[in-house]
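Visitor: I have a structure I would like to understand better, so I am pasting it below and will then ask my questions one at a time.
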Amino acid sequence: MVKPQRPGANKGNKKGPTKGTGGLGRKALEGRGPTPKAEDRAWHPAGKRKAAAERYAASGGKGRPGGSRPGSGGGSNRAPKAKAGDDTENVTGRNSVLEALRAKIPATAFYIAQRVEMDDRVKEMLAIATNRGIPVMEVTRPELDRMAGFDGVHQGVAIKVPPYEYAHPQDLLEQVIDRGEVPLFVALDGITDPRNLGAIIRSTAAFGGHGIILPQRRSAGVNSAAWKTSAGAVARTPVALATNLTTQLKEFKKQGVFVLGLDGDGDVSLPELQLADRPVVIVVGSEGKGLSRLVSETCDQIVSIPISAATESLNAGIATSVALYQVASLRAAKK
């Protein structure tokens, strides 16, 4: 008597041996010769590095020699992917919306409140949206309230924009060098509040910084809150993602960029900073934990901002503003 099988039980049926190709595919590989070296293939990352090194040598050593990008495992030329969960954002507020439209951010819709007060900024927004063929939609203020979020202030206008496209840190450095400028970057180590990020982007733009570098993990991203706090500076100040911040900083050091960490217990006081006129990246840690150990060990100098003993510490955004102002002032004085 055969026992009935339990539902879902393996019946034990096995396939018999399967036939191979019998070598039929072998002919397809014959007659093509040896595979070219990676550096001889123009489309391969190694080939691009070789070409970049040749351009560097031909230019007499100006710019950056070719090399693999940090954290790419030997050569991806693609920027890190956007942070997980990124989606279409609603940018609100007159300054933020106007700056985004001026910068030709690919907005997909422009929202304006019914019976909104028409000032010069609103008129310019409407003109830009009309000229670029962006749909203009008149909505109620409660609808804009919903789009702006819990603590958002929309001032009667909003635009819908695609997810932010992050740059690659190496690209930012190359662009600054190609323009003949002295690099000034800000790197964030553990800043998770997008409003702090927005404030730092705004300060970076105000004091002549060339861009922001974020780690791909444990960091705030460019979202609607960052857009709003930056007052539109996101539209003109690039933000790059580093797969690994420590690795990226070490790569910058190899290329002549000095890494300065901000910390209350720094060994150099900001007014005594001697590296302001050099290529610099200022690293800012979180308010609670400060700089991480690995990042701190990577810094060329740890710089402190002298403050009153009655004040325990400065907000990350304010500390960044003070440091950028000092660097900008020292650079201006040496011109």
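The values are calculated or read from the model by the stated rules, or taken from the named source; none is laboratory data. None of these values were measured; they are calculated from a predicted model. Quick reminder, even Gly has a Cβ in these numbers, built from the backbone with ideal geometry, and neighbours come from all protein chains shown.
Okay, residues lined up against (1) under 20 Å from Pro162 (Cα atoms); (2) acidic (Asp, Glu); (3) in contact (Cβ under 8 Å) with a residue 60 or more places away in the chain; (4) touching a Cys at 6+ places or on another chain (Cβ under 8 Å):
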residue: Leu98; (1), (2), (3), (4): yes, no, yes, no
residue: Phe110; (1), (2), (3), (4): yes, no, no, no
residue: Val122; (1), (2), (3), (4): no, no, no, no
residue: Leu126; (1), (2), (3), (4): yes, no, no, no
residue: Thr130; (1), (2), (3), (4): yes, no, no, no
residue: Gly133; (1), (2), (3), (4): yes, no, no, no
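Visitor: Need pairs with beta-carbon distance below 7 Å; first residue free of Cβ contacts under 8 Å to residues at least 40 places away in the same chain and within region 190-201, second among the acidic types (Asp, Glu) and crowded, with 23+ Cβ neighbours inside 10 Å; sequence gap 6+ or separate chains.
Guide: Matching pairs, first to second residue: none at all.
Visitor: Anything in region 106-131 that is in contact with a strand residue (DSSP E or B) (Cβ under 8 Å, 6 or more places away or on another chain) and of a type in the set (A, V, I, L, M, F, W, C)? List them, or say none.
Guide: Answer for region 106-131, where residues must be in contact with a strand residue (DSSP E or B) (Cβ under 8 Å, 6 or more places away or on another chain) and of a type in the set (A, V, I, L, M, F, W, C): Ala107, Ala109, Phe110, Ile112, Ala113, Val116, Val122, Met125, Leu126, Ala129.
Visitor: Now a separate question. Suppose the filter is under 19 Å from Asn196 (Cβ atoms) and either of a type in the set (Asp, Glu) or buried (at least 17 other Cβ atoms within 10 Å of the Cβ) (or both); does Glu287 pass it?
Guide: Yes, satisfied.
Visitor: It is to be established whether one or more residues within region 266-283 are within 23 Å of Asp193 (Cα to Cα), hydroxyl-bearing (Ser, Thr, Tyr) and assigned by TED's automatic domain parsing to the domain that holds Gly180.
Guide: Checked region 266-283: no residue is within 23 Å of Asp193 (Cα to Cα), hydroxyl-bearing (Ser, Thr, Tyr) and assigned by TED's automatic domain parsing to the domain that holds Gly180.
Visitor: Considering every residue within region 245-256, establish whether at least one is within 30 Å of Asn90 (Cα to Cα) and at pLDDT 90 or above.
Guide: Yes; the residues of region 245-256 include at least one that is within 30 Å of Asn90 (Cα to Cα) and at pLDDT 90 or above.
Visitor: With the structure loaded, tell me whether Ala129 is at pLDDT below 90, small (Gly, Ala, Ser) and not in a strand (DSSP E or B) or whether it fails that test.
Guide: no
Visitor: Given the criterion part of a strand (DSSP E or B), modelled with pLDDT of 95 or more and either under 12 Å from the mean Cα position of the chain (by Cα) or among the acidic types (Asp, Glu) (or both), identify the matching residue among Ile282, Ile213.
Guide: It is Ile213.
Visitor: Looking only at region 237-246, count how many residues are in a loop (DSSP other than H, G, I, E, B) and touching a helix residue (DSSP H, G or I) at 6+ places or on another chain (Cβ under 7 Å).
Guide: Counting residues in region 237-246 that are in a loop (DSSP other than H, G, I, E, B) and touching a helix residue (DSSP H, G or I) at 6+ places or on another chain (Cβ under 7 Å) gives 2.
Visitor: Return a yes/no flag: does region 317-331 have any residue that is assigned to a strand (DSSP E or B) and either touching a helix residue (DSSP H, G or I) at 6+ places or on another chain (Cβ under 9 Å) or surrounded by fewer than 22 Cβ atoms within 10 Å (Cβ to Cβ) (or both).
Guide: Checked against the condition, which is being assigned to a strand (DSSP E or B) and either touching a helix residue (DSSP H, G or I) at 6+ places or on another chain (Cβ under 9 Å) or surrounded by fewer than 22 Cβ atoms within 10 Å (Cβ to Cβ) (or both), region 317-331 yields no hits at all.
Visitor: Turning to a different aspect of this structure: Among the residues of region 269-277, is any outside any loop (DSSP other than H, G, I, E, B), out of contact with any Leu (no Cβ under 8 Å at 6 or more places or on another chain), more than 16 Å from Ala187 (Cβ to Cβ) and among the polar types (S, T, N, Q)?
Guide: Yes.
Visitor: A further question on this structure: Check Arg218 against each of (1) touching a residue at least 40 places away in the same chain (Cβ under 8 Å); (2) within 14 Å of Leu197 (Cα to Cα); (3) out of contact with any helix residue (DSSP H, G or I) (no Cβ under 8 Å at 6 or more places or on another chain) and name the one condition it does not meet.
Guide: Just one mismatch for Arg218, condition (1).
Visitor: So if I check each of Val222, Val234, which one is modelled with pLDDT under 95, crowded, with 24+ Cβ neighbours inside 10 Å and part of a helix (DSSP H, G or I)?
Guide: Only one candidate passes the filter, namely Val234.
Visitor: The conditions are (1) at pLDDT below 85; (2) not in a helix (DSSP H, G or I), and Lys228 fails exactly one of them. Which is it?
Guide: So Lys228 meets the others, but not (2).
Visitor: Separate question: Any residue in region 307-316 that is under 23 Å from the mean Cα position of the chain (by Cα) and among the small types (Gly, Ala, Ser)?
Guide: yes
Visitor: Which residue out of Leu144, Leu101, Leu184, Leu197 is touching a His at 6+ places or on another chain (Cβ under 7 Å), under 16 Å from Arg236 (Cβ atoms) and crowded, with 18+ Cβ neighbours inside 10 Å?
Guide: Within the list Leu144, Leu101, Leu184, Leu197, the selection yields Leu184.
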